[in-house]
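All remarks here apply to the structure that follows.
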Amino acid sequence: MKTGRMRILYLAQFFEPEPMIKGASFVRALIARGHEVQVVTGFPNYPVGKLYAGYRMSLGMTETIEGVEIHRVPLYPSHGSSSIGRVLNYFSYAFTAAFYGIFRAKHFDVIYAYPPPTVALAAAAIGFFRRCPYAMDVQDLWPESVLKSGMKGTGRMGAMLAALCNFVYRRAGRIVAQSRGIAAKLVERGVPPEKIDVIFNWADEKAAAKSGKADLSRYGFEGRFNFVYGGNLGVFQGLDTLVRAAKIAGETVPQLQLLLIGDGSEAQGLRDLVAELDARNVRIEPGIPRSEIGDVFDAADVLAIHLLKDPLFQITIPQKTQFYMAMGKPVLVGVEGEAARFILESGAGLPVEPSNVDAMAAAMIQLAQMPPAELAEMGAKGRAAYAREFSFKAAIDATENMLEATIGTRR
């Protein structure tokens, strides 16, 4: 049953201009349906762990981005390999967001906490003092994803993080899972299945559209068969597999080129690997504004996804899956589980065993030697599957229903 206009407190540690699936477009869609949304976020520093140009840390600021008013609270900027830095990053935002929500936020009916789970800890504190239920979003599983991140000193954190997650799961009115696999794992951990809503992520179709703003000449696309990866250059992505595979594949298909575009903790390590291999057909370029990324992806022949080979990633659907499918380009997906099944069943590209350099190189060669008509057909099938499975409207409909159900859990 519809409750009508909702007043939503949206807690998101990351928000535009940081890369964010449930960012300004998500909030605008809820506002367009008549709801009031207060956004509380941190100062932008992801994925490199340094404040973005034009920002200075302060006790708080309010600004408008893409028509959405957002309230920024201070945090400790960090996204490196230091577990201490990352803990300070997560918990500093949780503390300042909780303070803002308890003492400064206008009246609200429901809280929506976007990952990481420490944000849900802030939501639990706010909910306790303001007598308001919260929903939390789960994009990947803690503590597994933290323990496998490569951060130093995480070995002793597992029990503490598991306890934190169990607490926020128990207190939440509803839990959103971004895949069926994550939903199943939450049930294994004791979360009642009726408390979980599976809501697939979607692509930012505005960013996926060509804008004509990007300078493509610097990427050397002309006369090449171009594989492009765009996004976080982090530990989980295991992008050394793509670099090594491209080096091998280039010996068979000399015009093959791999472009990795983005920033992250592994960017310098990947540059060092390219130099070590003398992989002259691999380019690593810094991230660009979201308004330009559609131009770069549109110029690609194939878009690539990769995550480390690990059971943890078999239950997730990387956000790039939906974005790449919306672009209407063939997808080379080095991920097991749900993401690979979507690509295989839709005919949108080729799934490859992750972390398998030889298999990845063989797939690159196969795609580079395909007739253009077959590649175009793959891209069209991916676009059709995206419209069928991952539409933005369906996700907003489901989100509205989920938030209304959360309000109904008010204690």
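Before moving on, here are some points about what is shown:
- Selection from region 371-388 of residues that are surrounded by fewer than 18 Cβ atoms within 10 Å (Cβ to Cβ) and among the hydrophobic types (A, V, I, L, M, F, W, C): Ala373, Ala376, Ala380, Ala384, Ala387
- Some residue of region 389-401 being in a helix (DSSP H, G or I), surrounded by 24 or more Cβ atoms within 10 Å (Cβ to Cβ) and touching a residue at least 12 places away in the same chain (Cβ under 8 Å): no
- Test: residue in region 5-17 that is surrounded by fewer than 19 Cβ atoms within 10 Å (Cβ to Cβ) and without any contact (Cβ under 8 Å) to a residue 12 or more places away in the chain: no
- Residues satisfying the stated conditions in region 186-228, i.e. in a helix (DSSP H, G or I), modelled with pLDDT of 95 or more and basic (Lys, Arg): Lys195
- So Thr41, is it among the polar types (S, T, N, Q), surrounded by 21 or more Cβ atoms within 10 Å (Cβ to Cβ) and assigned to a strand (DSSP E or B): yes
- Checked against (1) over 25 Å from His35 (Cβ atoms); (2) over 21 Å from the mean Cα position of the chain (by Cα); (3) among the hydroxyl-bearing types (Ser, Thr, Tyr), Tyr100 meets all criteria but (1).
The values are calculated or read from the model by the stated rules, or taken from the named source; none is laboratory data. Quick caveat: nothing in here was measured; it's all calculated off a predicted structure. As a convention, Cβ positions derive from the backbone with ideal geometry for all residues, glycine included, and neighbour counts pool all protein chains shown.
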